[in-house]
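Below is one structure, written out as structure tokens; comments come after it.
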Amino acid sequence: MKKICIVSSMYYEDIMKMLLNGADDEIEKHKKNIKRDIIYVTGTFEIPYVISKNIKKYDAFIALGCVIKGETPHFDYICRSTIDALMKLSIENSKPIGNGILTCLNKKQAIERADKSKKNKGKEAASAAIELLKKNL
């Protein structure tokens with residue numbers, strides 16, 4: 001039995017619920033082989049920290065978050081540092097981390113990327129992490 005932890009920002013709660021539903025739908029297909037836990041964090045920036053603190057407890061992670069561009073460069077700093085930190089954690093610990101963090105210009109884009117009737121990025125992140133686990137890479 002493999003253990004996956006979803007670390008989900010709740011900053012845009014409506015979008016996060018959609019992403020989480022997509023991830024859970026994908027995990028449900030593999031429920032005989034995968035146990036799932038979830039940890040909620042305030043914002044996307046906190047996701048890498050929580051993964052680093054739990055890196056030895058799980059076989060893989062799914063990062064779910066949403067950053068929407070505002071009028072300041074804050075968007076660029078949060079997106080770059082968060083994605084870079086996730087990649088570093090994944091490589092240094094040889095653990096798959098499915099990236100379901102949306103980086104959108106507006107809320108409409110975010111909703112489209114979280115919509116289950118389209119390409120739900122939560123589902124895609126879960127699928128990526130599960131595929132890597134299955135291949136034991």
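The values are calculated or read from the model by the stated rules, or taken from the named source; none is laboratory data. Keep in mind that this is a model prediction, so the values were computed, not measured. Ideal geometry is used to build each Cβ from the backbone, glycine not excepted, and the neighbour counts take in all protein chains shown.
If a residue must be modelled with pLDDT of 95 or more and of a type in the set (Lys, Arg), how many such residues does the stretch 57-79 contain?
Looking only at that region, the number is 1.
Return yes when residue 62 is in contact (Cβ under 8 Å) with a residue 60 or more places away in the chain and β-branched (Val, Ile, Thr) and no when it is not.
Working: in contact (Cβ under 8 Å) with a residue 60 or more places away in the chain: yes; β-branched (Val, Ile, Thr): yes.
Judged against the criteria, residue 62 is a match.
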